[in-house]
Amino acid sequence: MHRKAYLPTKICPVCHRSFTWRKKWALNWHSIKYCSKRCASERHVKVAQGR
């Protein structure tokens, strides 16, 4: 049985929500910044608005 409480988490700089480690991100977890493709595409809009 897996214990999901022990997975590493990060905070998305766009929506300020926490997101947890996924197996598909195992090789590049250190470079993941955004929780979703939507936040990654909105990064310029949010920064320009000063959020």
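I need every pair where a residue in the stretch 14-32 that is more than 21 Å from His2 (Cα to Cα) has its Cβ under 8 Å from the Cβ of a residue that is in a helix (DSSP H, G or I) and among the polar types (S, T, N, Q), sequence separation at least 6 or different chains.
none
For the stretch 1-37, give me each residue that is loosely packed, with under 10 Cβ neighbours inside 10 Å, outside any helix (DSSP H, G or I) and of a type in the set (Lys, Arg).
Hit for the stretch 1-37 is Arg3, nothing else.
Quick note: the coordinates plus some simple rules give every number you see, no bench work behind them. Please read these numbers as outputs of a predicted model, since none were measured by experiment. In this analysis, Cβ positions are derived from the backbone assuming ideal geometry, glycine residues included, and neighbour counts consider all displayed protein chains.
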